[in-house]
1. Do we find a residue being modelled with pLDDT under 90, assigned by TED's automatic domain parsing to the domain that holds V834, in contact with a helix residue (DSSP H, G or I) (Cβ under 9 Å, 6 or more places away or on another chain) and of a type in the set (S, T, N, Q) anywhere in the range 890-899?
2. Considering Y655, Y634, Y690, which residue is exposed (fewer than 14 other Cβ atoms within 10 Å of the Cβ) and not acidic (D, E)?
3. Here are G285, G250: which of them is under 60 Å from the mean Cα position of the chain (by Cα) and surrounded by fewer than 17 Cβ atoms within 10 Å (Cβ to Cβ)?
4. Hey, does the range 827-844 have a residue that's surrounded by 14 or more Cβ atoms within 10 Å (Cβ to Cβ) and at pLDDT below 85?
5. Can you go through L844, L863 and tell me which one is within 30 Å of V772 (Cα to Cα) and more than 60 Å from the chain's Cα centre (by Cα)?
6. For the range 427-460, which residues satisfy the criterion of being without any contact (Cβ under 8 Å) to a residue 40 or more places away in the chain, farther than 20 Å from V353 by Cβ and part of a loop (DSSP other than H, G, I, E, B)?
7. Please work out which residue is nearest to A506 (Cα to Cα), limiting yourself to the range 461-486 and to residues that are of a type in the set (D, E) and without any contact (Cβ under 8 Å) to a residue 12 or more places away in the chain.
8. Anything in the range 733-791 that is over 22 Å from T851 (Cβ atoms) and among the acidic types (D, E)? List them, or say none.
Amino acid sequence: MKRVKILSLLAFLFGLFAVSSSSALPTLLEPANSDACVETSTMFKWNSLDSAVRYVLLLSSDMDFPTESPETFVDTLNTQSDTTLASEILLDGGILKTNSFYYWKVVAIGGNGQRFTSDIFSFHTRLSEIVLISPVNDVCCLERHLQFKVETEYASLDSFRLLITADTAMTDIIIDTLIANPLISSGIINITVDLPFNAQTYYWAAYQNASDCWSIFNIENQHNFCTKAGAPDLLTPEDASQGTPLFENGMPFEVTLNWSPVEGALYYTGYYSETQTFGASTEFGTTDTSFTFTLPDEYNKTYFWKVFAKTDPVLLVEDVLDSCSSEMSEIFMFKTPIEPVLLNNPTDSSTCVPMITNVGWDTVAVAANYHLQVATSSDFADTTIVLDNANIGGVTATIAFPKGITSYWWRVRVKNTDNIGLWSNARMVTTTAETPGAILPLNGSTGNPLQTTFSWDAGKTGSSYRLLLSETDDFKELLVDTNLTLNTFTFVLPNYDTKFYWKVMATYGVCPGAWSSTFNFKTYIAPPTLKTPVKDTTMVEPVLVIFEWTGAPGTVSYDYDIANDSLFQDIHTFERNKNSTWLRLDNLEENSSYWWRVRGENAQGTSEWSEVWHFTTGIIRPNAPILISPKLDYTKVRVDTTLFTWEPSERADEYKIVVSESSDFANLIIDDTTTVTLYTFSGFDNATTYFWKVGAINAQGMSNYSNVWSFKTLPTIPTDTVNLLEPADESINLLTGRQTFKWETIPNIDSYEIWLSENADFSTLLIQNNKVWINQYVNQIEKLKGLTTYYWKVRGVNDAGNSPWSETWSFTTEDPASVSFTDYFDTHIVPSPVRSQANVTFTLNEASAVTFEILDLNGNIVLTQNFTQMQAGSNNIKIDASAMASGTYFFRLESMGKTEFGKFVVNK
């Protein structure tokens, strides 16, 4: 019993669980909640519930799902209990409206009648399909520049798409354009496009977009149309064709218009007119792709033309069936030619026409420029045209014919930028002999040889030539005036470094040509003139050989060759661009032959080589000797026997010695040769200066002289005795200061020697001076004692010896204590007594030298001051007595030949 209850409880719980599970709500799947672009034919889906036996789908434009709402849709799905219940349903057949907002939910109904309602979802259906208006379906013969028109039920759109394809499946896209915020006027959208192809069937559709939702488009609603055939391509005359060559043959002006065929064309219609607007035009029709007609006989006339094609009948707009006109071609323009030119001169068939000839023609009123052609054939074939000038502004031109004795044809036409005229009638002329052109010497050339060959372009076989040559460009004075049958002439010109002028004229038969241009050239400078070594000189010393030459005026530099052979194949020495007219060589071989030559150069060229000169070398001369004795400036050379010596010179055979009393060796005392390096001479004068030099000699000649040395011979010993003058013998009271000794002069002495002593035998000397150059001596160094007797004597001195002594004289100096004071200069010494420093003041009548001395009581000088110049008037001398002992002192002031004595005291 208890077991039955438990089983019943379990069954109840299981049933309770089953009921609870089947009570879950349906979950909506599609369309998703808030879906913004749902098709009007769409599948609604939700998940199935195991407990559901049927479902009810509710659809409404109202979120509250009122039952009276016309959009509410209820569908009940009945299935067998053992069959899986469907959880989706397709709504079609116009239930959903385009561009509409809907709410939907699903109610699941269980077997016991229970209802389980899903959440509510919302969605918005796709925009309605746009309405195609034009081009209408199946229409043809439309322009490629085409306007498309559609109709929309919306006042505004986010974007608009136009799709044009070449196939009905709309996959071969030709144009796919998108326009944001398209302009909508009364529900109409207009868009113009340029289609790429003529005679093409197109398919088109349109779409509209709002809120990121594009409208649907039923491909069955697409339209198709076709464009008209393309315009014929105009071929000839090309656009802007000018009168020539279009009407090369002149009147009548027959023209053929040509164009390309148009596929399917039945015939063509064209127009030509004198105006581009075709206001007054001529129409023509043809089944061919060309049309020929004749224009009026009017020069320089402008015409315009165009063509279109007619094709098979097609359905046109408004359901009219008719042939289709292609697009109109471009408009081409052409002109009839400008009238031909009338030629003036030269006349037809003229002969002997100058190589450079002026031609002329009549003016054409409309001409801006003229076109001149010259040819060697009357048909003016391209290969025969020698002159083609299409830019001549006037009615004359100059023709330079390329060849003489040749027939040429010439013609002229107007050639403006916008039109070309007919050619004039051609005229033929025959040229005269052509003007020769110089070949040699080159015009303006320099450095040409005296023997010059003239050559020029040869004229026609059988031509003769006249050549003029002059040193002036006016040819008033001619060097050459000759007639020739050849185009070459050789002439030896008269001058170097000279400009010459020449010209030539050719003549053929009776046709003389024009003179050529005047050509000029210049001969090279004259070759140098050799100077040394003179031609065929022999015994040229091979050391330091001087080569000299003279250059012609205008020569800038020189080239020289010195060779071991006369053909200059074995060159010993050479140099180029040398700036001087000489050179010195020291590397020539002894006893050898040499040949040499020189040529000059300047900016204009190089001269000929000079004459070749030959010379032969000898041997090398000795070196100059080096003197030994008598030594340079030696002054004690004996006159009884004088010995000259020098060092031997290499390669010397003998020596030449010359001696003179003058440095220029004007008068020679010795001019002798010797084979040894010494020479003895007796007989020079005493006390005389001589100059001497020596040269070394061999077969080549004498070397340079040695350096010039001088010497002086000894004088004779002086024999005269000096006579003393001052101070007089046995003079007394002489000053102890500066003492002057004087004596008479004697001959043959270099100086005097004076002795002074306190002893009569001169055992001790106060003065011994043998360098007294004049006949007096001033004692300024040794100061004499007062009240003392001195002895003195003098003799003459030279390099040979001394003269006898003079007599000995004596004198006695003054006693300082007995000196009498004078007052010549108003001399004062302050302060008095003097302690250390003192000032000496005195007055001079005139500017003069001054000597101031201070002596002690013994007559000894303790201070001396000498002044070479002191001023006239008051003067002042500072003295320093700091070294003097206290006591009485004397002063002596000498000036202007006067001596003032005084006394002062030093007290420390």
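1. No, because not a single residue in the range 890-899 is modelled with pLDDT under 90, assigned by TED's automatic domain parsing to the domain that holds V834, in contact with a helix residue (DSSP H, G or I) (Cβ under 9 Å, 6 or more places away or on another chain) and of a type in the set (S, T, N, Q).
2. The conditions single out Y634.
3. Step by step, each of G285, G250 is checked, and only G250 is under 60 Å from the mean Cα position of the chain (by Cα) and surrounded by fewer than 17 Cβ atoms within 10 Å (Cβ to Cβ).
4. No, the range 827-844 has no match at all.
5. L863
6. A458
7. Looking only at the range 461-486, we keep the residues that are of a type in the set (D, E), and these are 471, 473-474, 477, 481.
Those left that are additionally without any contact (Cβ under 8 Å) to a residue 12 or more places away in the chain: 474, 477.
Details: D474: 20, E477: 21 Å.
Restricting to residues being of a type in the set (D, E) and without any contact (Cβ under 8 Å) to a residue 12 or more places away in the chain, the top hit is D474.
8. Those that are over 22 Å from T851 (Cβ atoms) and among the acidic types (D, E): E744, D750, E753, E758, D761.
The values are calculated or read from the model by the stated rules, or taken from the named source; none is laboratory data. Quantities reported herein were computed from a predicted structural model and do not represent experimental measurements. Note that we place each Cβ from the backbone using ideal geometry, even for glycine, and neighbour counts take in every protein chain shown.
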